[in-house]
1. Take C:Met170 and tell me if it is assigned by TED's automatic domain parsing to the domain that holds C:Arg262, touching a strand residue (DSSP E or B) at 6+ places or on another chain (Cβ under 8 Å) and more than 23 Å from C:Asp357 (Cα to Cα).
2. Considering B:Ser256, B:Ser260, which residue is polar (S, T, N, Q) and more than 23 Å from B:Pro310 (Cα to Cα)?
3. Anything in region A:12-58 that is more than 25 Å from the chain's Cα centre (by Cα) and at pLDDT 95 or above? List them, or say none.
4. Can you pull out the residues in region D:309-366 that are in contact with an Asp or Glu (Cβ under 8 Å, 6 or more places away or on another chain) and basic (Lys, Arg)?
5. Quick one: would you say B:Glu120 is in the same structural domain as B:Ala337 (by TED's automatic domain parsing), over 27 Å from B:Ala365 (Cα atoms) and buried (at least 18 other Cβ atoms within 10 Å of the Cβ)?
6. Among the residues of region C:64-81, is there at least one that is modelled with pLDDT of 95 or more, over 22 Å from C:Ala36 (Cα atoms) and of a type in the set (Lys, Arg)?
7. Which numbered condition in (1) more than 9 Å from chain B (Cβ to nearest Cβ); (2) out of contact with any Gly (no Cβ under 8 Å at 6 or more places or on another chain) is the only one that A:Asn229 fails?
There are 4 protein chains.
Amino acid sequence: MEMIDVAVLGATGTVGQKFITLLDGHPWFRVREVVASSRSAGRPYRDAVRWLQDTPIPLAVADLPVRSLEEKLESTVLFSGLDSSVAGEAELDYAERGHVVISNSRNHRMDERVPLVIPEINQDHLQLLDRQPWPGAIVTNPNCSTMFLAMALAPLHRAFGVEAVQVSTMQAVSGAGYPGLPAMSIMGNVIPHIEGEEEKIETEPLKILGRLGEYGIVPAGMRIGAQCNRVPVVDGHTETVSVKLGSPASLDEVRSALESFRGLPQELNLPSAPLQPLWVFDAPDRPQPARDLPVEKGMATLVGRLRECPVLDYRMVLLGHNTIRGAAGAAILNAEAMVALGYLRNGAFHREACRGDSCVEEVLAH
Amino acid sequence: MEMIDVAVLGATGTVGQKFITLLDGHPWFRVREVVASSRSAGRPYRDAVRWLQDTPIPLAVADLPVRSLEEKLESTVLFSGLDSSVAGEAELDYAERGHVVISNSRNHRMDERVPLVIPEINQDHLQLLDRQPWPGAIVTNPNCSTMFLAMALAPLHRAFGVEAVQVSTMQAVSGAGYPGLPAMSIMGNVIPHIEGEEEKIETEPLKILGRLGEYGIVPAGMRIGAQCNRVPVVDGHTETVSVKLGSPASLDEVRSALESFRGLPQELNLPSAPLQPLWVFDAPDRPQPARDLPVEKGMATLVGRLRECPVLDYRMVLLGHNTIRGAAGAAILNAEAMVALGYLRNGAFHREACRGDSCVEEVLAH
Amino acid sequence: MEMIDVAVLGATGTVGQKFITLLDGHPWFRVREVVASSRSAGRPYRDAVRWLQDTPIPLAVADLPVRSLEEKLESTVLFSGLDSSVAGEAELDYAERGHVVISNSRNHRMDERVPLVIPEINQDHLQLLDRQPWPGAIVTNPNCSTMFLAMALAPLHRAFGVEAVQVSTMQAVSGAGYPGLPAMSIMGNVIPHIEGEEEKIETEPLKILGRLGEYGIVPAGMRIGAQCNRVPVVDGHTETVSVKLGSPASLDEVRSALESFRGLPQELNLPSAPLQPLWVFDAPDRPQPARDLPVEKGMATLVGRLRECPVLDYRMVLLGHNTIRGAAGAAILNAEAMVALGYLRNGAFHREACRGDSCVEEVLAH
Amino acid sequence: MEMIDVAVLGATGTVGQKFITLLDGHPWFRVREVVASSRSAGRPYRDAVRWLQDTPIPLAVADLPVRSLEEKLESTVLFSGLDSSVAGEAELDYAERGHVVISNSRNHRMDERVPLVIPEINQDHLQLLDRQPWPGAIVTNPNCSTMFLAMALAPLHRAFGVEAVQVSTMQAVSGAGYPGLPAMSIMGNVIPHIEGEEEKIETEPLKILGRLGEYGIVPAGMRIGAQCNRVPVVDGHTETVSVKLGSPASLDEVRSALESFRGLPQELNLPSAPLQPLWVFDAPDRPQPARDLPVEKGMATLVGRLRECPVLDYRMVLLGHNTIRGAAGAAILNAEAMVALGYLRNGAFHREACRGDSCVEEVLAH
């Protein structure tokens, strides 16, 4: 199989850096272009970036010249870690210009034309691509905290239905990017608020767990209540969750549903797929961000303290790596699913372009 | 008014140190005896203690000889910060020997003969003292996390009824005493478990909010689901709470119930009483442990982010100072309430000792 | 004595906030004007500031309208916590306009016309004010890390001479102001560099410990080598120090010199003066920022681990409160010394204005 | 080459766990026995250990039965991470019983019969093994902080001589093992004292940099002054260092000496050897524990801020991974050097056993 050249948008930011780190040595994708704000444009990537990863800048990327958002790109596939202040317009522009934007930004997640995808759960939503109005396409993955919650809800919703969810988060500072939170604000402290976060957790899972209908996604019917907190942890979002099911289930059935959950990435053994999407821990004090994030290279959702809840039905603790499965890794797995499903092949974007009832095979390459 | 001499049990521990710090300069109580394990006995307090407060050891206490649990004490009133491994038996012994034990330990909280008191809420439960089988008495205050939850639930329960509560805590390391948690366990980490804590939060409020009936306390009927977490914060427990009310109430009514809540300590202006037991913050990112604990010298419960909940009815964030209002300060306020209600006067313990229907005034002094 | 009205420059910054906090209830000074950048100008202080102190905004200041740097001020005395990017020019302007600027900023510290003062050490340097070329005046205090080092060196230099000093610092994040360091940069980390800090520590003590000569300050002749590090501590700079003396001294003599050190603030019992400028700790693991900063309300310099050094002569650990004695508190003590020495009286600035050999009493008031 | 079976002493402790982690997949050594205190004896390792590494327990070790110190071992080679409270006697016993103890414990480091080895520096000291009085042998590696200091001093001492060294450390909490420091002691704090640490840093380098003479090691003649501090960092010891050289050298010469330093591990490309023992950073704010520890898998010593010193000659910042190169990794590299030099071959211990002038080849195997 031929390597697919890709560009990274917002390449100097923390999500962009993680894209570049995770794509280093990837069997299918190769970073050939890096895009950042115009003040970095023209400089070699190594000089433009304030590199914060704990592995060095991959050699093949270090000397790439940084391109500005205005420049024409050669890559068909773009991974977007753009800041939400610019992602909205910029990603639309790229789609108009015929690029496939695989975005971690929040701007288009709830656009009814855009699939919000977790390949283990709703890879069928990628069919929305066939009806997108642009020459190119936009695909999104959820917010970091949504990711782990949706992952845990999916098997329960399939097996028993989920009616209501309470979630309280303890989120890492890396989720706010760099510079993000001042040390003086968060050292030895808890901040009981993250701007815009609760709204995302309360709505994104409904779309992800929704059904692809004739006129788009029909959202799932559950109610979600989220309370989001920032804690002095570098990486790893922890969430306490309580769930009300639609039909009765024993604790064993719930546990079994979580542990046996598998999806497309596992069936096709995609390069970034965790072997097991959900890990259930038995130790009463696990999972912990300082101990358990390396499991499945940060691509799994970790479940602990699964037991009955006196108010709703079951409760548990979730943990996930917010900058890997909760961000760049999620977008890369989306891209891998698109390869596996034939949307991306031979370096080009393939779809059944549909207008009303008539569909034609369409191929797009740069 | 004459000063009341008191002893501090478990005086070298972190709760004991806080008792000594908070009682320094107290208008009613004077620490005259300090009690610790037998390996400290006989040494001057200053040499026996590993002092961790950020004010010096009060001069009047520094040279007191440490007494062992076996020694006879002269003080009628004992503040107990004993470790739960010994508090159970030791406090019973002291009550048998005619002392009034005002305890922060968990051992006797759920004993049906022992009042579990927050003076703003259930000072009437102190009437249980009249029926206690011992020459002396035992009074307890709740667990640190329970304190702030019960304080917020009380006015809602009175005004509207509370049917169900979800609470997720982010608790400070000082709650585990000293040495408590190893730095390697909690630095930059979240531990999603605190041994025995959830059970306390799920049961203690039912007793506190219960009704004093003919045969003891009739617990309140609400369901509480708690998920407790340790976070890398030194002082201050934060709790996200969601509440289902028994009867409809508007957001304004809920807020007003919280803010206007007052009890005996406020009415009688007790020395350690907060002017206002519940403070409601408007700023979306408050209260925070690193900013707001000094409010009311750590004796208030701080409420933030009060708003509707998509799953239950209302949600909010609570914060309180776990080693002050959540521990030693709570016991001291209980003692002050006992003075105000006449249980403690002229250095003696007064009660209507009741056996069946017949009650007689009983006075006990050492 | 009449209260002296003062203005605070840079009032919304962290140093400005500390000025306002420390001046609340001050017996001599009263904050009547607050000055900040033009984008805050006109708004009430409470709305313009992001208040980060753990006591509330003093009521008398909360509603003061923020003035811009361009506006005319009524106060003669200005406390400056201006950012160094604007302090250089702005403070000169104020001095030209006849104000007495008591500054914590670094810009004019090494100006040969400007005294760099620690009242315990070199209050005589205030005589430079008599020769300053401006209608008003500028007085400075040293950098936070310099403060504690100079304070420990002064008695040793007087008694034995100091020839060489090695110092390695572990500085708190509050020293960088707000927002200052990103949490992602410093949580669980050490940064072995603070821009410009080593130069200050290596030069400022020479001026402070210098001699007031006919033509200005003759700097002390010692060599200082500094290595500055940022550590994840909120408040409190710790410094390991090693000193080579000019003449032999026993450990007891060194200790005695430190402990017995007193200066003008102690002799005149100035309102902000520590009773004892230098505290020497015996416990082998003290002083510690999380334990000992409250000593003398943050105005003392704490010394620990005093002992012989295998390379130079003696070594020790220093600790001080960087935002109190190391910043705003230092400037306030300078102002108090100016009152005590007659430079500030009846709300006016008095000096012997000297041009060449002829001096005349000069009084300046706004 | 045949695999050498080894035992790990103190296998449940933090050093023992690191031995097991680093030896997993080692090309020459295979862990076949694990030894711990008698209270763990008999249980499978997985049940006896509180595993704190962020990779799982290697499968081949997880089910090994824990042996007690009293039991006979089959392995000739023992890696010792024993606590210093038992290591002194236990390691002697093992040497008497014919084992080769490669120890990270401090007890025998300064024993004149025992080599204290860093293979890049003084592999020739291993010749002391030929004269050890025991059937087996004891080899030690230095204290964690000594390691990085000695590594930086070695090339300077060889090229220019080193006369005096000032070092101030900022050490990670993992250096104190588990449970080690209470969170309440070190969170947001600096502790300016580590029991016994300064003595080690001031003496161990003299032995390591000493010369193997006819009658043992002749220590190097330099003076070292150390001030040791604990900071809230999980892994990675940072040290500020200032050095006085014996003969003049330019900054370029000093830098070149550091960067070009190589030793036996590099020449023979030993499995755990860093390619380059000393890395010199140019960025003014590096190295940092949160960024740079992964360099060379934790086996290199990182140097930053190399420049002239106003007091001695040159100064710099050092950083190293205290639990890898500073502990278990150092012992493993010692063992690899012993294989390379022929002391360990075919699973047996070979030496020229010398008594006076007569030496005979001696082979020892279990």
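The values are calculated or read from the model by the stated rules, or taken from the named source; none is laboratory data. Owing to the predicted nature of the structure, the values given are computational and were not obtained by experimental measurement. Positions of Cβ are backbone-derived with ideal geometry, glycine not excepted, and every protein chain shown enters the neighbour counts.
1. yes
2. B:Ser260
3. A:Arg43, A:Pro44, A:Arg46, A:Asp47, A:Ala48
4. Those that are in contact with an Asp or Glu (Cβ under 8 Å, 6 or more places away or on another chain) and basic (Lys, Arg): D:Arg315, D:Arg351.
5. yes
6. no
7. Of the numbered conditions (1) more than 9 Å from chain B (Cβ to nearest Cβ); (2) out of contact with any Gly (no Cβ under 8 Å at 6 or more places or on another chain), the odd one out for A:Asn229 is (1).
Residue-by-condition table, conditions (1) on the phi > 0 side of the Ramachandran plot; (2) in the same structural domain as C:Leu23 (by TED's automatic domain parsing); (3) under 20 Å from the mean Cα position of the chain (by Cα):
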position	(1), (2), (3)
C:Cys309	no, no, no
C:Leu312	no, no, no
C:Ala337	no, yes, yes
C:Arg345	no, yes, no
C:Val360	no, yes, no
